[in-house]
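Engineer: First the structure, then my questions, so here it is.
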Amino acid sequence: MAKQFEALTEDHRSFIAAQPLFFVGSAAETGRVNVSPKGMDSLRVMGPNRILWRNLTGSGNETAGHLARVNRITLMWCSFETRPLILRAYGTATVLHAKEPGFAEQDALFPPDPGARQVYDVAVDLVQSSCGYAVPFMDFVEDRRVLEGWAEKKGPEGVRAYWTEKNTATIDGFETGLPTDAD
């Protein structure tokens with residue numbers, strides 16, 4: 001039932017645009033595999049083989065640490081509504097951390113968010129679709145605004161202090177490359 005494509009089609013792009021949730025998967029050569037759910041307005045399909053994903057401050061920073069060691073990433077969408085479909089985009093990614101050259105231009109493609117931490121520029125080399133027949137039906141109500149409110153309350157200095165405390169290394173101790181207060 002799975003089909004593979006060299007690039008995202010217009011149908012894939014429409015499907016991605018309709019999904020309020022996607023997942024990011026990454027792994028270093030050792031340690032834990034990470035799969036994280038992502039939402040809000042944090043993804044832009046820039047072309048048939050290019051996706052930008054803006055990562056917001058969170059409890060961990062696994063993807064950045066994994067990509068610094070092994071540059072491979074998987075993005076996955078699945079439909080919880082009418083159309084049964086799972087779509088995966090496989091590739092590599094360039095990581096732009098806040099305060100690095102080029103970050104502001106890419107970050108400007110998204111709504112302002114005080115917790116914006118990185119933008120991942122994903123080069124897609126394989127797209128795979130599969131049926132999604134076992135994915136349950138669920139209704140999307142709305143995005144949670146908790147993370148945005150948390151970052152606003154912390155303010156820029158508080159967010160950077162949080163990065164220093166919680167986001168400079170993965171749970172396996174791999175450096176994430178995130179600038180700290182000392183940078």
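The values are calculated or read from the model by the stated rules, or taken from the named source; none is laboratory data. This one's a predicted model, so the numbers in the text were calculated from it and none came from an experiment. Ideal geometry is used to build each Cβ from the backbone, glycine not excepted, and the neighbour counts take in all protein chains shown. The accessibility values were calculated without ligands, DNA or RNA, using every heavy atom of the protein model including side chains. Shrake-Rupley method; radii C 1.70, N 1.55, O 1.52, S 1.80 Å.
Engineer: Can you work out the Karplus-derived ³J(HN,Hα) for every residue in the range 160-175? Use 6.51 cos²θ - 1.76 cosθ + 1.60 with θ = phi - 60°, whole Hz, and x for glycine or proline.
Structural biologist: Values per residue, Gly and Pro as x: 5, 5, 5, 4, 4, 6, 10, 10, 8, 9, 6, 5, 9, x, 7, 5 Hz.
Engineer: Would you work out the relative contact order for the chain, in percent, from Cα pairs under 8 angstrom that are 6 or more residues apart?
Structural biologist: Values: 349 pairs, mean separation 49.5, N = 183.
Value for the chain: 27 percent.
Engineer: Could you provide, to the nearest whole Å², the per residue accessible area of the range 62-183 with probe 1.4 Å? All intermediate terms of the calculation are to be shown ahead of the outcome.
Structural biologist: Numbers: 6650 Å² over 122 residues.
Spelled out: the 1.4 Å probe surface of the range 62-183, per residue, equals 54 Å².
Engineer: Would you mind computing Rg(Cα) / (2.2 N^0.38 Å) for the chain, counting N as its residues?
Structural biologist: For the chain, the normalised Cα radius of gyration comes out at 1.03.
Engineer: Here's another thing I want to ask about it. So what's the gap between the Cα centers of the range 100-119 and the range 127-145, to the nearest angstrom?
Structural biologist: Using only Cα atoms, the two centres lie 27 Å from each other.
Engineer: Where does the charge balance sit around ASP172 when Lys and Arg score +1, Asp and Glu -1, over other residues with C-beta under 9 Å from its C-beta?
Structural biologist: Residues close to ASP172 contribute a combined charge of 0.
Engineer: Using each residue's phi in the range 23-36, evaluate 6.51 cos²θ - 1.76 cosθ + 1.60 at θ = phi - 60° and report the 3J(HN,Hα) Karplus result to the nearest Hz, with x for Gly and Pro.
Structural biologist: 3J(HN,Hα) across the range 23-36, in whole Hz: 10, 10, x, 8, 7, 7, 6, 9, x, 7, 7, 10, 10, 10.
Engineer: Give me the Debye-computed log₁₀ of I(q)/I(0) at q = 0.15, 0.25 Å⁻¹ for the range 32-84, equal point scatterers on Cα only, no solvent, two decimals.
Structural biologist: -0.54, -1.26
Engineer: Looking only at GluC sites (Glu not before Pro) in DSSP loops with at most 16 other Cβ atoms within 10 Å, what is the longest site-free stretch of the chain?
Structural biologist: Working: sites that count: GLU6, GLU29, GLU81, GLU142.
Answer from the scan: 82-141.
Engineer: Further question on the same structure: For the range 63-183, with all protein chains present and a 1.4 Å probe, just round the carbon and sulfur fraction of the accessible area to a whole percent.
Structural biologist: Values: 3670 of 6630 Å².
Carbon plus sulfur share of accessible area: 55 percent.
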